[in-house]
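The values are calculated or read from the model by the stated rules, or taken from the named source; none is laboratory data. Note that this is a predicted model, so its numbers are computed, not measured. Every residue, glycine as well, gets a Cβ built from its backbone with ideal geometry; the counts of neighbours run over all protein chains shown. Accessible surface is based on the protein model in full, side chains and every heavy atom, while ligands, DNA and RNA are left aside. Shrake-Rupley method; radii C 1.70, N 1.55, O 1.52, S 1.80 Å.
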Amino acid sequence: TGSNRRPLIRGILTVTLAFASFLPSRSLRAAESTATPPPFRVATYNIENYLDAPAGTRPLKTAEARTKIRDSILAARPDVLALQEMGGTNTLLELRASLASAGLDLPHWEQITGADTNIHVAILSRFPITARRPHTNESFLLGTRRFHVSRGFAEVDLRVNPSYSFTL
């Protein structure tokens, strides 16, 4: 056809590690203004259609691709892991169990389901989640057109220790 569309090329293992300073949770800001948190690692990973079943044009990942994703996460050894394009809750819990069996225990989790019913955003954490604020009905203006966010945003407070929490 006469389409000017360029082919979309996706890498199986697009890993972005985020090492950043975090804003302490609202309730702790004043009391902890001089507190130094212990070192911890936060990673974010777009795992590109990590589904439990094919959905429309979204194929199921092979066992090999799932293993590579798990191995990449294990190599990063995050204390907190933000995931994009995560399938349903069962798939998230399967990944969490797989990581735990390999020595990376991230027992606390949150998954946000937006308008897109196939892929979601999720958080796995070594630290307890003390507050959850899902944002599932957000929109933005681009030029003169309003777009709705299809997967939502996750906002959580995580307690690293009794004297330090942060918002992700």
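Filtered by the rule that a residue be free of Cβ contacts under 8 Å to residues at least 12 places away in the same chain and surrounded by 12 or more Cβ atoms within 10 Å (Cβ to Cβ), the stretch 99-108 gives a lone residue, Ala100.
Contact map, the stretch 148-168: first residue of a type in the set (Ser, Thr, Tyr), second residue modelled with pLDDT of 90 or more, Cβ cut-off under 7 Å, separation 6 or more or different chains; pairs are Ser165/Thr130; Ser165/Asp157; Ser165/Leu158; Ser165/Arg159; Thr167/Glu155; Thr167/Asp157. Does the stretch 59-77 include one or more residues that are part of a loop (DSSP other than H, G, I, E, B) and at pLDDT 95 or above? Scanning the stretch 59-77 turns up at least one residue that is part of a loop (DSSP other than H, G, I, E, B) and at pLDDT 95 or above. Any residue at all in the stretch 11-24 that is within 13 Å of the chain's Cα centre (by Cα), at pLDDT 95 or above and not in a helix (DSSP H, G or I)? No, there is no match, as no residue in the stretch 11-24 is within 13 Å of the chain's Cα centre (by Cα), at pLDDT 95 or above and not in a helix (DSSP H, G or I).
Take the residues in the stretch 109-147 that are without any contact (Cβ under 8 Å) to a residue 40 or more places away in the chain and basic (Lys, Arg), then tell me which one is farthest from Glu94 (Cα to Cα). By that ranking, first place goes to Arg145. Condition first: part of a loop (DSSP other than H, G, I, E, B) and either modelled with pLDDT of 95 or more or open to solvent by 30 Å² or more (accessible area, probe 1.4 Å) (or both). Now tell me which residues in the stretch 110-127 satisfy that. Within the stretch 110-127, Thr113, Ala115, Thr117, Asn118, Arg126, Phe127 qualify.
Of the residues making up the stretch 84-98, those that are open to solvent by 10 Å² or more (accessible area, probe 1.4 Å), within 12 Å of the chain's Cα centre (by Cα) and more than 19 Å from Arg126 (Cα to Cα) number 1. Selection over the stretch 37-81 of residues that are acidic (Asp, Glu) and buried (at least 17 other Cβ atoms within 10 Å of the Cβ) gives a count of 2. Only residues that are in a loop (DSSP other than H, G, I, E, B), closer than 15 Å to Thr44 by Cα and not aliphatic (A, V, I, L, M) were counted across the stretch 78-109, and they come to 2. Residue by residue through the stretch 128-151, note down the ones that are polar (S, T, N, Q), open to solvent by 70 Å² or more (accessible area, probe 1.4 Å) and part of a strand (DSSP E or B). If the condition is that a residue be polar (S, T, N, Q), open to solvent by 70 Å² or more (accessible area, probe 1.4 Å) and part of a strand (DSSP E or B), then Thr130 is the only one that fits.
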